Amino acid sequence: MRAIAQAVLVTASFVFGIGQPSAATFTVVTGALVGGFTPPTGCNFKLDGDIQPGDLAKLASARAQVEQLIARRLGNDASMAEQWKANSPVLCLNSRGGNFAEGLRIAKFLMNDVDGTVTTYVMNRAECYSACGLIFLAGQIHDRGGEDYPSRYLHVGGRLGFHAPYLVEPAEPDDQKKYSRRDMANVFKLAIRSVTDAIELFDRRTYGGPGLNDDNRPWVNASLFIEMLRKGPDELFAIDTVGKSGRWGINLVGVKEVGVLNTKALQRACDNVYSWEGDSDGTSGEEQLYFKPLPPSDPVFNRLKRVKGVSLFEFQVVRSYNYCAVQAASSPTPKVENLIIKLYRGQSPDNLDLSNGGYEVPLWAAAFLPSTPLRNLLGK
């Protein structure tokens, strides 16, 4: 009976997928850029297939190969900036899940080992579910200023999702499926401990980041795990809308090009960022937006007279104001490339300083309704 209990414990895992599982493979892309190219346009190495015990060692080996390859390509004359940029090579993920405990071990390696830092990326048409999702969440950057913050990207044509644990029983010929209460209790404890370990790992705090209000925030808000635990083995909590991606700090790639964003769209972007910092998806189309546009005649705009193309919005709260300054940055083609959003909480018009800090929203997805499906943003 003890042997049966051990077998059950080993195979207690988060698994999601259709059809027969395929063991994960790790491939180093020898012709890729040296790493650190964000948003990612390719991969330094890839994980394909279902995650199984022993995959951490395979991933660590592939990561070491990537580091050696990058070092050879950089040579001895690389600048400090180039070296720091190469410290977070891109790991592309395509996996329907697998062994949760192994996925968690890989996530811990990526989060805590100085040699494990990667940017994670789910490419167009790729899938990343369950245990793979944990690995995805562990993507990060250590920059040369000492800052440490998430670096994870989802192509709007890819799929990312999470669900609660369930038990995969051993299928050996002599197995009569007779388990004691202690066996089942141990499996239950293992599942609970695995979930709490994941929540604890991702409760780690950011140190700095690209946004004005990014410092000392949870790596992943625990609300994601609440949603995950609501889903059974045949269900999936998918990151499939603008609101979900923004709420849980998932950067988007592959969003269609737009040429103009009107005032309402910029106002929506301010509301979305404000909501995401407060751990909610954002307001629906029927609800009134928090931030109201300030006219150029407002005295606050005197601080912006040297900045071209900035729109300013105000949200009055008890005894103070929240301000949001939005600037659409154009690419060489005159398409909107991204939005630079500066969100200031608890300020007064007299001490507002719009020249310091900012919250740069990747591309312009923040300007859409939170309920907008990511597939609707897919570019050509």
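The values are calculated or read from the model by the stated rules, or taken from the named source; none is laboratory data. What you see is a predicted model, and the numbers here were worked out from it, not measured in a lab. All Cβ positions, glycine included, derive from the backbone under ideal geometry; neighbour counts span all protein chains shown.
At a glance:
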quantity	calculated
Some residue of the range 232-247 being without any contact (Cβ under 8 Å) to a residue 12 or more places away in the chain and in the same structural domain as Leu137 (by TED's automatic domain parsing)	yes
Criterion: modelled with pLDDT of 95 or more, within 27 Å of Gly146 (Cα to Cα) and in a helix (DSSP H, G or I) - qualifying residue of Leu59, Leu69	Leu59
Number of positions in the range 151-167 that are more than 14 Å from the chain's Cα centre (by Cα) and crowded, with 22+ Cβ neighbours inside 10 Å	2
Residue in the range 58-74 that is surrounded by 23 or more Cβ atoms within 10 Å (Cβ to Cβ) and under 23 Å from Glu200 (Cα atoms) present	yes
Test: residue in the range 236-247 that is of a type in the set (Ser, Thr, Tyr) and within 21 Å of Asn376 (Cα to Cα)	yes
Within the range 168-271, helices (runs of 4 or more DSSP H) holding 3 or more residues that are modelled with pLDDT under 85 and buried (at least 18 other Cβ atoms within 10 Å of the Cβ)	181-202
Matching strands (runs of 3 or more DSSP E) fully within the range 288-380 where at least 3 residues are at pLDDT 85 or above	310-317
